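Following: one structure in structure tokens, then a few remarks.
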Amino acid sequence: MDVHAVFASMVMFSAVAGYMYLNSGQSPQPTNIAPVTSNTRRKRRWWTRPIYSEDQRRNQGQHDNLMKELILSNDNVKYWKFLRMNKVSFDILLEKIQPEIERKDTKFRKAIIPGVRLAITLRYLAEGCSQDDLSFGFRVGRSTVSGIIKNTCSALINALKNDYLPPVSEGSWKTNADDFEARWQFPHCIGAIDGKHINIECPNLSGSEFRNYKSFFSIVLLAVADASYKFVYVDIGAPGSDSDGGIFASSSLGKSLERNLANLPPPEPIINGGSPVPYFLLGDEAFPLKNYLMKPFAGRKLNRLPQEFNDEPAITRKIYNYRQARARRVVENAFGILATKWRIFRRPIVTNYETITKIVYAACLLHNFMQMQDCSLPAASRYCPPGYTDSDTAEGTWRNEGFGDHLQSTRRIGSNNPSRSAIDNRDQIANYFVSPLGQIPYQWVHINRGKD
């Protein structure tokens, strides 16, 4: 057949098909392709997987089996290890947050009870378990576990923040200062401040914003601790890349202190007839020296003082540094206790930025809650038992658990241009520490250590 004849036949066939389509008013459907509609949905195999059913949760889940078994066997040690609190504290906490986390049953399924929700969240914070592990252990869907943790942390924040981490006032600052002077012999100290990196998974589309100087992704937890290792202020969420910038200056506390809006008590003399000294925070070398923030003397200056002064200025400054380190270690111990008790901090937290900040905030509140529960517990059952924190002669046992070092310190977090008044205030406190009224016996032991 001639090529032109074949081509003409094809054109004729196409024209006839087009004419038939236009007159039929119907779309031509290829015989080898199935029609696609917008209402096509994959049929769900289950509404709830059988392993996550209410019966399986009741018969196999850890809340209704393991936790009840520990209670019936009176195994308080293992119960505490499982949730980082005893049954009494769990019930107190559950009563506080139950109205916010309780859900209604539907015609399709019964709601997960508040006790299971709280237990899942506490277990997640206590051991840093993966959400898949919690899903299998408590017999709750994986996505449901994620929602439970987020919602329960929000409920913990709402229920605890006013009682266990309230806004600071002049009265509370003065109480902190009195406690520091009574317990650590450091006058006018309203708290010890430090910043730590919280290890996280890199948030989506964040680039290197959260990558810190240690080359892992993090947010910064800036906290002030009182004389009893409780947090009195926390600032959570600064990106890890901001570690050597003005984290403290950009925090709400730093701004209020700089603008004289922090409700600090008015300056008072340390000794009768002395010059008024302001109330202040204690920070390490990473912080700037301010009237409201004391830091140690630089080590290089201690080694370069002129010998004609018979090293008395060097001794005075070394004693000041020792006394400041002695008082400031409360915040180091507070972070250490936080990381050893709530082991979510020993690995990267894998969730979105908003939920991470809620998890960290909830853990800080639980830390304070458990510290205050210790008052009614025997020594062996306490959140912070005797010997757990540092003393003048021994390090705290929390250091032996090997988890406190998972919170990495921040680098310099403020400028280093002190005013003359800030320098004078620190010198006045240093001279007070070597006076008969302000000295303590163990400081001379520390200074003379290694001279023999």
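The values are calculated or read from the model by the stated rules, or taken from the named source; none is laboratory data. Keep in mind that this is a model prediction, so the values were computed, not measured. Every residue, glycine as well, gets a Cβ built from its backbone with ideal geometry; the counts of neighbours run over all protein chains shown. Calculation scope for accessible area: heavy atoms of the full protein, side chains included, ligands and nucleic acids excluded. Shrake-Rupley method; radii C 1.70, N 1.55, O 1.52, S 1.80 Å.
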Going through the stretch 169-217 one residue at a time, which ones are open to solvent by less than 20 Å² (accessible area, probe 1.4 Å), out of contact with any Phe, Trp or Tyr (no Cβ under 6 Å at 6 or more places or on another chain) and within 21 Å of GLY128 (Cα to Cα)? HIS197, ILE198
Output the number of the condition that PRO166 fails; it satisfies all remaining conditions of (1) open to solvent by less than 80 Å² (accessible area, probe 1.4 Å); (2) more than 30 Å from SER228 (Cβ to Cβ); (3) outside any helix (DSSP H, G or I). (2)
Do any residues in the stretch 167-178 that are over 18 Å from VAL331 (Cα atoms) and in contact (Cβ under 8 Å) with a residue 60 or more places away in the chain have Cβ atoms under 6 Å from those of residues that are open to solvent by 40 Å² or more (accessible area, probe 1.4 Å) and assigned to a loop (DSSP other than H, G, I, E, B), where the two are at least six apart or on different chains, and which pairs are they? SER169/ASN263; GLU170/ASN263
Filter the stretch 427-443 down to the residues that are β-branched (Val, Ile, Thr) and over 15 Å from PRO296 (Cα atoms), then identify the one that is least open to solvent (accessible area, probe 1.4 Å). ILE440
Sort out for me the helices (runs of 4 or more DSSP H) sitting completely within the stretch 66-142 that have 3 or more residues that are aliphatic (A, V, I, L, M) and crowded, with 16+ Cβ neighbours inside 10 Å. 66-72, 87-101, 114-127
Buried (at least 20 other Cβ atoms within 10 Å of the Cβ) and not in a loop (DSSP other than H, G, I, E, B): is that true of GLY237 in this structure? no
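Just to verify a result, which residue in the stretch 318-332, among those that are open to solvent by less than 10 Å² (accessible area, probe 1.4 Å), over 14 Å from the mean Cα position of the chain (by Cα) and not aromatic (Phe, Trp, Tyr), is nearest to HIS367 (Cα to Cα)? Write out each step before concluding.
Of the residues in the stretch 318-332, the ones open to solvent by less than 10 Å² (accessible area, probe 1.4 Å) are 319-320, 323-324, 327, 330-331.
Filter once more, so that each one left must be over 14 Å from the mean Cα position of the chain (by Cα): 319-320, 323-324, 327, 330.
Pick out the ones that are also not aromatic (Phe, Trp, Tyr) and you get 319, 323-324, 327, 330.
Details: ILE319: 32, ARG323: 26, GLN324: 24, ALA327: 20, VAL330: 14 Å.
Checked the stretch 318-332; the qualifying residue nearest to HIS367 (Cα to Cα) is VAL330.
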Criterion first (surrounded by 22 or more Cβ atoms within 10 Å (Cβ to Cβ) and of a type in the set (Asp, Glu)) does ASP242 satisfy it? no
Residue pairs qualifying under the 6 Å Cβ cut-off, at least six apart or on distinct chains, with the first in the stretch 125-150 being under 19 Å from ARG343 (Cβ atoms) and the second being in a loop (DSSP other than H, G, I, E, B) and of a type in the set (A, V, I, L, M), are none
When both residues are 6+ apart or on different chains and their Cβ atoms are under 8 Å apart, which pairs have a first residue that lies in the stretch 382-399 and is free of Cβ contacts under 8 Å to residues at least 60 places away in the same chain, and a second that is of a type in the set (A, V, I, L, M) and assigned to a loop (DSSP other than H, G, I, E, B)? GLY387/ALA394
Cβ-Cβ under 9 Å pairs, at least 6 apart or on other chains, the stretch 290-306 side more than 20 Å from SER421 (Cα to Cα), far side modelled with pLDDT under 70: LEU305/ASP311
Can you find even one residue in the stretch 213-231 that is without any contact (Cβ under 8 Å) to a residue 24 or more places away in the chain and on the phi < 0 side of the Ramachandran plot? no
Of the residues ASP374, ASP424, only one is open to solvent by less than 80 Å² (accessible area, probe 1.4 Å) and modelled with pLDDT under 90; which? ASP374
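Can you name the residue in the stretch 240-289 that is part of a loop (DSSP other than H, G, I, E, B) and aliphatic (A, V, I, L, M) and, of all such residues, is nearest to ARG420 (Cα to Cα)? Before you say what the answer is, go through the steps one by one.
The first filter runs over the stretch 240-289 and keeps only residues part of a loop (DSSP other than H, G, I, E, B), leaving 243-246, 251, 259-267, 270-275, 278-279, 283-289.
Keeping just the survivors that are aliphatic (A, V, I, L, M) gives 261-262, 264, 270-271, 286, 289.
Working: LEU261: 22, ALA262: 22, LEU264: 20, ILE270: 19, ILE271: 21, ALA286: 19, LEU289: 10 Å.
Per the criteria, the residue is LEU289.
Could you list, in sequence order, all residues of the stretch 51-103 that are among the hydroxyl-bearing types (Ser, Thr, Tyr) and under 25 Å from the mean Cα position of the chain (by Cα)? Talk me through it step by step, then tell me what you get.
Keep residues of the stretch 51-103 that are among the hydroxyl-bearing types (Ser, Thr, Tyr), which gives 52-53, 73, 79, 89.
Selection gives TYR79, SER89.
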Evaluate the stretch 353-360: report whether one residue or more is of a type in the set (Val, Ile, Thr), surrounded by 20 or more Cβ atoms within 10 Å (Cβ to Cβ), outside any helix (DSSP H, G or I) and touching a residue at least 60 places away in the same chain (Cβ under 8 Å). no
Filter the stretch 290-301 down to residues that are open to solvent by less than 30 Å² (accessible area, probe 1.4 Å) and either among the charged types (D, E, K, R) or assigned to a strand (DSSP E or B) (or both), then give me how many there are. 3
Tally the residues that are closer than 26 Å to ARG382 by Cα and among the β-branched types (Val, Ile, Thr), restricting the search to the stretch 201-228. 1
